[in-house]
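Worksheet: the structure to be examined is printed underneath.
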Amino acid sequence: MRDMTEEPTDTEQPALPNRQVPFSEAFKEFIPQGWAPYPEELPAELPAAGPAALRRRAIAEAFAGERLVIPAGAFKVRANDTDYRFRPHSAFAWLTGLGGDREPDAVLVLEPTDTGHEATLYFKPRAPRTDPEFYADSRYGEMWVGTRESLAEMSAMTGISCAPISEFDNALGKNLDATTVRLLREADEAVTARLDALRAEASVDATAATTTDDEFAVALSEARLVKDAFELDQLRQACADTAVGFEAVVADLPEAVRRGKGERWVEGIFGLHARHLGNAIGYDTIAASGDHANTLHWIRNDGEVKDGDLLLMDAGVEVESLYTADITRTLPVSGTFTPAQRKVYAAVLAAQAAGMAAARPGNKFSDVHAAAVRVIAEHLEAWGLLPVSAEESLDPTTGGQHRRWMVHGTSHHLGLDVHDCAQARQENYRDAELRPGMVITVEPGLYFKSTDLLVPEELRGIGVRIEDDVVITDDGCAILSDHLPRDPDAIEAWMAGILTR
């Protein structure tokens with residue numbers, strides 16, 4: 001954690017002006033001396049650089065003659081002078097191949113030329129050690145954040161021509177009266193404000209420009225609906241790493257029970273493996289024990305983990321390239337399902353099997369949910385819980401009673417975002433046909449809250465979700481997350497093997 005008491009006054013606006021300690025002239029003369037030279041050899045090209053170049057070409061061809069501006073985004077304040085860990089906007093990562101925490105405040109520009117587009121990555125390169133930035137800038141300085149890339153090094157890594165961010169304004173604003181500019185507005189508020197001001201100066205119609213930008217955001221989202229070979233490899237790796245995290249959680253379940261506040265323990269064990277194997281967690285881990293499993297987005301994770309309860313764990317590792325898995329398993333804390341738990345689990349598993357059978361090319365995305373929720377409704381009718389027949393409940397206009405116990409959708413696209421391609425149009429998402437290369441989740445559930453008096457007492461407090469990541473193939477789907485068992489007998493055997501090691 002940086003200490004603002006030693007932060008300078010000459011390179012950024014001080015957060016606490018009365019606590020600043022200026023640097024002496026003697027220090028400024030001394031600090032640049034005696035450092036080893038930077039390596040002369042350029043870094044290797046990133047694995048994602050080649051696929052990213054093909055994506056840039058496709059996007060550029062879709063917007064011939066237009067300037068395309070894709071910011072990475074800026075740091076987001078967590079509190080006072082501390083920021084959240086930086087993650088670039090997914091569209092920026094997709095088009096540059098940069099993962100991890102690269103590159104705050106950078107902007108990719110695709111400039112139209114007579115023969116297509118020329119890509120330039122504008123970012124803040126490292127300053128020489130003679131520059132005050134080296135020791136005095138807590139945002140970019142090497143003493144504060146580590147050694148940053150030079151222009152040549154970043155270009156070698158990405159395969160993109162690079163320029164200092166100080167030149168970006170000129171590139172953004174030139175010929176606005178004669179050039180259509182499309183900006184990914186949501187990525188960086190400062191860049192958006194700057195372009196809006198430049199457009200106003202050039203008398204560009206603001207409403208039309210915003211519409212143009214919004215269309216670009218939709219296009220970038222829809223362009224990621226079908227994954228390329230590199231993306232599928234990354235998602236397979238994310239699923240494999242996630243399975244390691246789940247196994248580690250099972251191995252430590254006795255500690256989660258013993259220590260109290262076990263949901264936090266589960267969250268921490270998985271987070272440790274996510275940071276060690278990948279970049280981070282892909283989203284906040286749901287570690288929901290007992291009745292907490294019936295709160296769909298339970299991320300407070302402050303409850304006990306008790307023998308006899310189920311643990312619903314929804315988690316995913318985000319690999320260095322920023323692709324994430326999204327897997328849910330519902331596990332008996334003691335290692336064995338009770339009859340009531342097994343009854344609910346079996347119904348959800350049957351629903352998932354139906355959803356997976358519908359996840360095939362030619363079917364609509366919405367068919368996956370329709371197939372899974374039909375099984376859910378049929379089980380609810382058989383158990384006497386529905387006030388109407390399953391068929392009546394499934395009527396989209398007059399029914400829906402089953403949604404009391406299965407509120408959410410069964411699927412979403414998956415990739416760089418856990419809910420990937422979210423800005424795609426309805427006709428290209430929920431109403432669209434599934435195509436080979438699409439990656440979606442299949443995740444039905446049943447949730448019987450402890451306070452639900454319409455549910456038999458033996459089922460109250462039981463919440464089950466089973467979620468896997470699948471890629472649509474030429475003749476069906478393949479499960480990317482098949483490292484973890486789903487069958488209840490297989491789960492019990494798997495847990496027993498881990499807990500008796």
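Please report the antiparallel percentage of DSSP beta bridges with both residues in the chain, rounded to the nearest 5.
Just about 85 percent of them are antiparallel.
On average, how much accessible surface per residue is there in the stretch 21-114, in Å², for a 1.4 Å probe, leaving out ligands, DNA and RNA?
53 Å²
Multiply the residue separation of residue 215 and residue 382 by 0.36 nm, subtract the distance between their alpha-carbon atoms, and state the gained length in nm to one decimal.
Computed gain between residue 215 and residue 382 is 55.4 nm.
How tilted is helix 365-382 with respect to the longest principal axis of the chain? Cα atoms for both, answer in degrees (0 to 90, nearest 10).
Its long axis makes an angle of about 30 degrees.
Compute the relative contact order of the stretch 169-289 as a whole-number percentage, counting only Cα pairs closer than 8 Å that sit 6 or more residues apart in sequence.
Relative CO of the stretch 169-289 lands at 18 percent.
When the solvent-accessible surface of protein heavy atoms is calculated with a 1.4 angstrom probe, in what order do 298, 35 fall, highest first?
From most exposed to least exposed: 35, 298.
Please identify which residues in the stretch 455-478 have an amide N closer than 15 Å to a label point set 7 Å out from the Cα of residue 433, following the Cα→Cβ vector.
Inside the label zone: 473-476.
Sort 358-371, 392-405, 433-446 for me by packing, meaning the mean count of neighbouring Cβ atoms within 10 Å per residue, highest on top.
So the order, starting with the most tightly packed, is 433-446, 358-371, 392-405.
With point charges of +1 on the Cβ of Lys and Arg and -1 on the Cβ of Asp and Glu, referenced to the Cα centre of the chain, which listed residue (483, 33, 287) lies farthest in the positive direction of the dipole?
287
Which whole-number percentage describes the relative contact order of the chain, with Cα contacts under 8 Å and a sequence gap of 6 or more?
Dividing the mean separation by the residue count of the chain yields 12 percent.
Quick one: angle between helix 189-201 and the longest Cα principal axis of the chain, in degrees between 0 and 90, rounded to 10, please.
Computed tilt is about 60 degrees.
Could you sort 429, 38 by their accessible area in this structure, using a 1.4 Å probe and putting the largest first?
The ranking, largest first, comes out as 38, 429.
Can you pull the accessible area of residue 495 for me, 1.4 Å probe, Å² to the nearest 10?
Only protein atoms counted, so the area is about 0 Å².
Would you mind working out the magnitude of the charge dipole of the stretch 362-501 relative to its Cα centre, with +1 at each Lys and Arg C-beta and -1 at each Asp and Glu C-beta, to the nearest 20 Debye?
400 debye
Given Cβ point charges of +1 (Lys, Arg) and -1 (Asp, Glu) and nothing else, what value in debye, to the nearest 20, does the dipole of the chain about its Cα centre take?
Result for the chain is approximately 920 debye, rounded to the nearest 20.
So what is the diffusion coefficient of the stretch 400-501 in µm² per second by Stokes-Einstein at 37 °C and 0.692 mPa s, using a Kirkwood Rh over Cα pairs?
201 µm²/s
So how exposed is residue 233, as accessible area in Å² (1.4 Å probe, rounded to 10)?
Accessible area of residue 233: about 90 Å².
Give me P(r) over the chain, computed from all C-alpha to C-alpha distances, binned every 20 Å, as integer percentages.
Reading upward from the zero bin: 20, 46, 29, 5, 0.
Any idea of the accessible area per residue across the stretch 170-247, 1.4 Å probe, to the nearest Å²?
Accessible surface, normalised per residue, equals 44 Å².
Note the full-extension length gain between residue 479 and residue 28 as 0.36 nm times their separation in residues minus their Cα-Cα distance, in nm to one decimal.
Gain in length upon complete extension: 156.5 nm.
Helix 229-251 versus the longest principal axis of the chain: what angle, 0 to 90°, nearest 10, using Cα atoms?
Roughly 60 degrees between the two axes.
Would you give the gap between the C-alpha center of the stretch 97-167 and the C-alpha center of the stretch 325-349, rounded to a whole Å?
The distance from the Cα centre of the stretch 97-167 to that of the stretch 325-349 comes to 48 Å.
So for the pair residue 299, residue 208, with labels modelled 7 Å out along Cα→Cβ, what separation do we get in nm?
Placing both labels 7 Å along Cα→Cβ, they lie 4.1 nm apart.
What size of dipole, in debye to the nearest 20, comes out for the stretch 390-458 about its Cα centre when the only charges are +1 on Lys and Arg C-beta atoms and -1 on Asp and Glu C-beta atoms?
220 debye
Normalised by the number of residues in the stretch 252-340, what is the relative contact order in percent for Cα pairs under 8 Å and 6+ residues apart?
About 29 percent, as a whole number.
Give the residue from 315, 496, 211 lying farthest towards the positive end of the charge dipole for the chain; charges sit on Cβ (+1 for Lys and Arg, -1 for Asp and Glu) and the dipole is referred to the Cα centre.
The Cα lying farthest towards the positive end belongs to 496.
Keeping all protein chains in the complex and leaving out DNA, RNA and ligands, what accessible area do you get for residue 477 with a 1.4 Å probe, in Å² to the nearest 10?
For residue 477, the solvent-accessible surface is approximately 40 Å².
What residues have an amide H closer than 5 Å to that of residue 281, excluding those fewer than 5 places away on the same chain, when H is modeled at 1.01 Å from N in the peptide plane?
318
Only helical DSSP H runs with n ≥ 4 go in: add -39500 (n - 2.57) per run for the chain, normalise by residue count and round the 222 nm mean residue ellipticity to 500 deg cm²/dmol.
Helix-only estimate at 222 nm: -11000 deg cm²/dmol.
Place +1 on the Cβ of every Lys and Arg and -1 on the Cβ of every Asp and Glu in the chain, take the dipole about the Cα centre, and give the residue among 413, 330, 386 whose Cα lies farthest towards its positive end.
386
For the chain, what number of Lys pairs, 8 or more residues apart or on separate chains, have alpha-carbon atoms under 28 Å from each other?
Eligible lysine pairs with Cα atoms under 28 Å apart amount to 10.
The values are calculated or read from the model by the stated rules, or taken from the named source; none is laboratory data. None of these values were measured; they are calculated from a predicted model. So basically every Cβ, Gly included, is an ideal-geometry build from the backbone, and we count neighbours across all protein chains shown. Note: accessible area is taken over every heavy atom of the protein model, side chains too, but ligands, DNA and RNA are not part of it. Shrake-Rupley method; radii C 1.70, N 1.55, O 1.52, S 1.80 Å.
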